[in-house]
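Report on one structure; see the data block that follows.
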Amino acid sequence: MSTPVRGDRELIAFLTPDPDKAGSLYTQLARSLSQAIHEGLLKDGDYLLPQRELAEALGVSRVTVRKAIETLVSEGLLKQRQGAGTVVTSGGKQSIHKNLSVLNSFTEDMAMRGMRPSSRWVSRQTLQASPREAMALNVSPGARVGRFTRVRFASETPMAYEIATVPTSIIGDADKVGDSLYTALGAVNARPVRALQTMTAHNADAEVARYLKIVPGDAVLYIERQGFDSNNRPVEFTRSWYRGDIYDFVTELSVSTE
């Protein structure tokens, strides 16, 4: 049975929480364990030291270790086996690479990878557009829009927290939107054919972290997308927070011939 933290001073130093840093000790430890797993410092099948020994090695309480482990168990990165201890098990998760040059829906994207896409509704609302939404959708201030907030899953793994906004002149009934917004837009001949997209690095706040089952402060990719139909009409404005640990965005570049 492998115990990767047995005497590895470098790894112990990497995992040890800093009481002078922001955030509780257990969230720091959970974040460090998650990073160690995703960077391969801890591999599938590796066993952690017993909680008492790990707490002594890291100079923290057993409660801190227990809460950090429970956090990663809920994320599927660790598993507690009766009588055997805590084992690293990322559940076969792999980084997902999204091609930025292709405009397709999350549902289509995951299906093409052989993963089972699904969504869980947080809210479906019809309300007045915010100033940012009105500008992005080219509608009058205070115009009515549908705002769709969902958590997007791929094979049971939460991948993105998403807020999509569509004018009610395009989709008047919010209940018509199911797992795929693009399918609903296609049904009314308003599927986007091009989009403007901006992407920035953020740290997950408590709400985003809760829905994505990550630790507050973890890195996420924040994306704003403005989609246009074949008549160059803005038909969607979507804000998404993607998990930075398992979602990569790639694009192909070529040398200009001019």
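Any chance you could count how many residues in region 206-234 are outside any helix (DSSP H, G or I), aliphatic (A, V, I, L, M) and surrounded by fewer than 18 Cβ atoms within 10 Å (Cβ to Cβ)?
1
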Residues satisfying the stated conditions in region 23-50, i.e. surrounded by fewer than 18 Cβ atoms within 10 Å (Cβ to Cβ) and touching a helix residue (DSSP H, G or I) at 6+ places or on another chain (Cβ under 9 Å) | Gly23, Ser24, Gln35, Lys43, Asp44
Counted residues, region 116-147 - those being more than 23 Å from Gln197 (Cα to Cα), among the polar types (S, T, N, Q) and without any contact (Cβ under 8 Å) to a residue 40 or more places away in the chain = 2
Within region 1-17, identify whether any single residue is more than 17 Å from Thr86 (Cα to Cα), outside any helix (DSSP H, G or I) and either at pLDDT below 85 or aromatic (Phe, Trp, Tyr) (or both), and answer yes or no.
-> yes
Enumerate the pairs (first residue in region 202-213 and closer than 13 Å to Ile163 by Cβ; second residue anywhere and surrounded by fewer than 16 Cβ atoms within 10 Å (Cβ to Cβ) and hydroxyl-bearing (Ser, Thr, Tyr)) with beta-carbon separation below 9 Å, excluding pairs fewer than 6 apart on the same chain, so at least 6 apart or on different chains.
-> none
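Of all helices (runs of 4 or more DSSP H) completely enclosed by region 85-199, which ones contain at least 1 residues that are at negative phi, small (Gly, Ala, Ser) and modelled with pLDDT of 90 or more? If you could, list the steps in order and put the result at the bottom.
Values: elements: 106-112, 131-137, 181-187.
Qualifying helices (runs of 4 or more DSSP H): 131-137, 181-187.
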Looking at (1) touching a strand residue (DSSP E or B) at 6+ places or on another chain (Cβ under 7 Å); (2) touching a residue at least 40 places away in the same chain (Cβ under 8 Å), which is the only condition Thr183 fails?
-> (1)
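The values are calculated or read from the model by the stated rules, or taken from the named source; none is laboratory data. Quick caveat, the model's predicted, so the values are computed rather than measured. In this analysis, Cβ positions are derived from the backbone assuming ideal geometry, glycine residues included, and neighbour counts consider all displayed protein chains.
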